[in-house]
Amino acid sequence: STVVLAGVGVIGVAAVALSYKYNEALDSMQRQTNLTSNQMTFLRGKILDVSTATATSASVIVGGEQQLIKAGEGIHQSLIDVGQAAKYSQAMNADLNATLIAAIGIQRQHIQGTHSISQTLDIFTTAIQHSQLQATDLNTALGGRALSAFAAYGVDIKSAVTILAGFADQNLRGARSTMVLKTGIAALEKPAETSAGKMTTQAKAVAAV
């Protein structure tokens, strides 16, 4: 019937649009990562597999893959990590891009207590399941300047997440959470200046939060 044909036409247009968006995302990733044509051919199919397995848009997976590769991961490990991050983001109603910003930042800052993105996401999941903490809270706090303060004082990832979970249980989120965090960490540094009158490294990290 006319209605059926119209429906098929709409689906066809949507499929073409998604395909175009996916190919455009792949082209952008190749330009920004300098991957070879062989690597791109390999990733093209694998990314679709990850997209299907995690019920996540293929173009969104490409964006996550690009983040990981630019952070220094190889294409095989990045596929594993983007898949795990996508599953976590779907389960926790989180944004994949923000999740990876936080997880990659934790690795870059060499935060103690985790040696991989997978391990970090497991720690996140446990905290969320046992508190009022939400994935968006973690992404906001650990995807920003607070992470530098934790690193400056050698606070391990489990302790950092536990602190944030405690804040969430007290309904302290967003700006309120950051303010309390900044006050608490600042209290650890006495004095905040060196003998030469300059701010210590730790004090600078706290001031930046």
For region 80-95, which residues satisfy the criterion of being surrounded by fewer than 21 Cβ atoms within 10 Å (Cβ to Cβ) and not polar (S, T, N, Q)? ILE80, LYS87, ALA91, MET92, ASP95
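Considering only residues that are open to solvent by 40 Å² or more (accessible area, probe 1.4 Å) and either assigned to a loop (DSSP other than H, G, I, E, B) or over 26 Å from MET40 (Cα atoms) (or both), which ones fall in region 96-112?
Just the residues of region 96-112 that are open to solvent by 40 Å² or more (accessible area, probe 1.4 Å), to begin with: 97, 101, 107-110, 112.
If the condition is that a residue be open to solvent by 40 Å² or more (accessible area, probe 1.4 Å) and either assigned to a loop (DSSP other than H, G, I, E, B) or over 26 Å from MET40 (Cα atoms) (or both), then GLN109, HIS110, GLN112 are the ones that fit.
So, THR41, is that one buried (at least 18 other Cβ atoms within 10 Å of the Cβ) and among the hydroxyl-bearing types (Ser, Thr, Tyr) or not? Before you say what the answer is, go through the steps one by one.
Details: buried (at least 18 other Cβ atoms within 10 Å of the Cβ): no; among the hydroxyl-bearing types (Ser, Thr, Tyr): yes.
No.
Every residue, every condition in (1) at pLDDT 90 or above; (2) under 27 Å from the mean Cα position of the chain (by Cα), yes or no:
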| residue | (1), (2) |
| --- | --- |
| VAL4 | no, no |
| GLY12 | no, no |
| LEU18 | no, yes |
| LYS21 | no, yes |
| GLN32 | yes, yes |
| GLN39 | yes, yes |
Checking THR126 against (1) within 23 Å of HIS76 (Cβ to Cβ); (2) in a helix (DSSP H, G or I); (3) open to solvent by 40 Å² or more (accessible area, probe 1.4 Å), only one condition comes out false. Which one? (1)
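The values are calculated or read from the model by the stated rules, or taken from the named source; none is laboratory data. Model, not experiment: these values are computed from the prediction. Every residue, glycine as well, gets a Cβ built from its backbone with ideal geometry; the counts of neighbours run over all protein chains shown. Areas reflect the complete protein model, heavy atoms only, side chains present, ligands, DNA and RNA absent. Shrake-Rupley method; radii C 1.70, N 1.55, O 1.52, S 1.80 Å.
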